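Novice: Sharing a structure below in structure tokens format, with a few things to ask.
The values are calculated or read from the model by the stated rules, or taken from the named source; none is laboratory data. This is a predicted model, so every value here is computed, not measured. Quick reminder, even Gly has a Cβ in these numbers, built from the backbone with ideal geometry, and neighbours come from all protein chains shown.
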Amino acid sequence: MSTNLDRHTITMVAAAALAAVGCGGGVSVDPGPDARAGAPVSFRVGNDTAATAADFGSVVVDVDSAPMTITVANDAAVATSPLRVVVVGSSLTDFSLDFTGTDCDGAVLAPGATCSVRLGFRPSQLGLRTTTLEVWHEDGGTATLELRGGGATSKLELKAEPLGLGLVEVGTVGAARITVYTRYNQPVAGIKAIVNGAGVTVDPSTTTCTTLAAYGTCEIGLRVAPSVAGLIEAEVTVRGDVDVARATFTGAGAIRLTAGKSEHGAIESVPAGVIACGTTCTALVTAPLELVARADSGHELSAWSDGPCKGTKVERCSVEPGRSSIAVAADFAASGSP
């Protein structure tokens, strides 16, 4: 060791000793922050009491894994300062902290005490996904645990037959059928369907899925009961004992529009084709539209006699479909009639 380094070391020790001289003349030397601090916490994953990684295995892309709980332990002889828990890394958005099942963040662990961190994994793409769980406290530095999982393709496939959820009149109940296919060379047991969508539920009476034969199919029946006109959207998740599949299907709720008129005119729609009445007619309507009262030559609109524009002589009447059927009517008269 060089002379300069020896002098520096001696100076530092002497300064520490002089600074610690007490009133009674004795000398005590501060052992320094390394001796005072608690050691970083350790992780326990399953039976591994000194884990460095946690593996979620293969999970279908855009599907949530089962939650995983990690135990954090204080193996030091002194208590920790308040813990902080974060997830960092390249695939950060694929892994999530579930704070409803996490009691480590802000916790102070006594020697030998533990706390829990609950994590989830939802791969956004195929292949290996990794990130890092960090737990740190001011007195003991940072402990890290690698998180990893794989994004996989489901061997279950969902298709709507004939297509989507269909067009269903508000106040009635429609039916749709989802066919489940498997590309496994062995049976898939424990089939269960979960539907997330307003007005759409599983119909047990038309559902045949409990176990899928190898390379087989089964059907999930759906009841479609819209409460209002407009888009119907339902996410269907099918889980088996070895895989899971998810797909979103759409349809439309509609109200019945009935149009009537007197002689010498017609009622047409904008956009065209929804309704075109020479006499009384009906149509199922899913979105706002305009009805146009067109008088024959030598005649004019006397007034709308029913519907949202009742009592007016506006040529164009706006119709907003909602939760119930709508009736409109228009009366025509000879031009100049009182």
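Novice: With the structure loaded, tell me whether GLY149 is touching a residue at least 40 places away in the same chain (Cβ under 8 Å), over 27 Å from THR250 (Cβ atoms) and not β-branched (Val, Ile, Thr) or whether it fails that test.
Specialist: Working: touching a residue at least 40 places away in the same chain (Cβ under 8 Å): yes; over 27 Å from THR250 (Cβ atoms): yes; not β-branched (Val, Ile, Thr): yes.
Against the criterion (touching a residue at least 40 places away in the same chain (Cβ under 8 Å), over 27 Å from THR250 (Cβ atoms) and not β-branched (Val, Ile, Thr)), GLY149 qualifies.
Novice: Within region 170-192, track down each residue that is in a strand (DSSP E or B), of a type in the set (A, V, I, L, M) and crowded, with 19+ Cβ neighbours inside 10 Å. Even if it seems obvious, please write down each step before you answer.
Specialist: Of all residues in region 170-192, those in a strand (DSSP E or B) come to 174-182, 188, 192.
From the residues that got through so far, the ones that are of a type in the set (A, V, I, L, M) too are 175-176, 178, 180, 188.
If the condition is that a residue be in a strand (DSSP E or B), of a type in the set (A, V, I, L, M) and crowded, with 19+ Cβ neighbours inside 10 Å, then ALA176, ILE178, VAL180, VAL188 are the ones that fit.
Novice: To continue, here is another question. Going by the conditions given, is GLY240 assigned by TED's automatic domain parsing to the domain that holds PRO187 and within 30 Å of THR208 (Cβ to Cβ)? Walk me through it before giving the result.
Specialist: On the way: assigned by TED's automatic domain parsing to the domain that holds PRO187: yes; within 30 Å of THR208 (Cβ to Cβ): yes.
Yes.
Novice: Counting only residues that are surrounded by fewer than 18 Cβ atoms within 10 Å (Cβ to Cβ), farther than 22 Å from SER65 by Cα and among the aliphatic types (A, V, I, L, M), how many does region 226-264 have?
Specialist: Within region 226-264, residues that are surrounded by fewer than 18 Cβ atoms within 10 Å (Cβ to Cβ), farther than 22 Å from SER65 by Cα and among the aliphatic types (A, V, I, L, M) number 2.
Novice: How about region 198-211: which of its residues are of a type outside the set (S, T, N, Q), part of a loop (DSSP other than H, G, I, E, B) and at negative phi? Spell out how you get there, then give the answer.
Specialist: Taking region 198-211 and keeping what is of a type outside the set (S, T, N, Q), we get 198-200, 202-204, 209.
Cutting the leftovers down to part of a loop (DSSP other than H, G, I, E, B) gives us 198-199, 203, 209.
Answer for region 198-211, where residues must be of a type outside the set (S, T, N, Q), part of a loop (DSSP other than H, G, I, E, B) and at negative phi: ALA198, ASP203, CYS209.
Novice: In addition: Which residues, taken from region 88-104, are crowded, with 21+ Cβ neighbours inside 10 Å and farther than 15 Å from ASP55 by Cα?
Specialist: Answer for region 88-104, where residues must be crowded, with 21+ Cβ neighbours inside 10 Å and farther than 15 Å from ASP55 by Cα: just CYS104.
Novice: Going by the conditions given, is VAL200 surrounded by 18 or more Cβ atoms within 10 Å (Cβ to Cβ) and either modelled with pLDDT of 90 or more or within 23 Å of the chain's Cα centre (by Cα) (or both)?
Specialist: Numbers: surrounded by 18 or more Cβ atoms within 10 Å (Cβ to Cβ): yes; either modelled with pLDDT of 90 or more or within 23 Å of the chain's Cα centre (by Cα) (or both): yes.
Taking the combined requirement at face value, the residue satisfies it.
Novice: Another question, if that's okay. Report yes if some residue within region 267-282 is in contact with a Gly (Cβ under 9 Å, 6 or more places away or on another chain), in a strand (DSSP E or B), outside the structural domain of ILE191 (by TED's automatic domain parsing) and touching a residue at least 40 places away in the same chain (Cβ under 8 Å); otherwise report no.
Specialist: Yes, the conditions are met somewhere in region 267-282.
Novice: What about ALA107, is it crowded, with 18+ Cβ neighbours inside 10 Å, among the hydrophobic types (A, V, I, L, M, F, W, C), touching a Gly at 6+ places or on another chain (Cβ under 6 Å) and at negative phi? Walk me through it before giving the result.
Specialist: Details: crowded, with 18+ Cβ neighbours inside 10 Å: yes; among the hydrophobic types (A, V, I, L, M, F, W, C): yes; touching a Gly at 6+ places or on another chain (Cβ under 6 Å): no; at negative phi: yes.
Spelling it out, it is not the case that ALA107 is crowded, with 18+ Cβ neighbours inside 10 Å, among the hydrophobic types (A, V, I, L, M, F, W, C), touching a Gly at 6+ places or on another chain (Cβ under 6 Å) and at negative phi.
Novice: Just checking, does region 173-186 include any residue being of a type in the set (Lys, Arg), at pLDDT 90 or above and assigned by TED's automatic domain parsing to the domain that holds SER81?
Specialist: Of all residues in region 173-186, those of a type in the set (Lys, Arg) come to 177, 183.
Filter once more, so that each one left must be at pLDDT 90 or above: 177.
Next, only the ones that are assigned by TED's automatic domain parsing to the domain that holds SER81 stay: none.
No, region 173-186 contains no residue that is of a type in the set (Lys, Arg), at pLDDT 90 or above and assigned by TED's automatic domain parsing to the domain that holds SER81.
Novice: Pick from region 220-266 the residues that are in a loop (DSSP other than H, G, I, E, B) and β-branched (Val, Ile, Thr): which of them is nearest to VAL202 (Cα to Cα)? Explain how you work it out, then say what you get.
Specialist: Applying the first criterion (in a loop (DSSP other than H, G, I, E, B)) to region 220-266 yields 225-229, 240-243, 262-264.
Filter again for β-branched (Val, Ile, Thr), leaving 228, 242.
Details: VAL228: 20, VAL242: 22 Å.
Taking the candidates together, the pick is VAL228.
Novice: Same structure again: Find the strands (runs of 3 or more DSSP E) located wholly in region 45-160 whose residues include 2 or more that are at pLDDT 95 or above, more than 30 Å from GLY216 (Cβ to Cβ) and under 20 Å from the mean Cα position of the chain (by Cα), and list them.
Specialist: Values: elements: 53-60, 68-73, 84-88, 95-97, 114-121, 127-137, 141-152.
It comes to 114-121.
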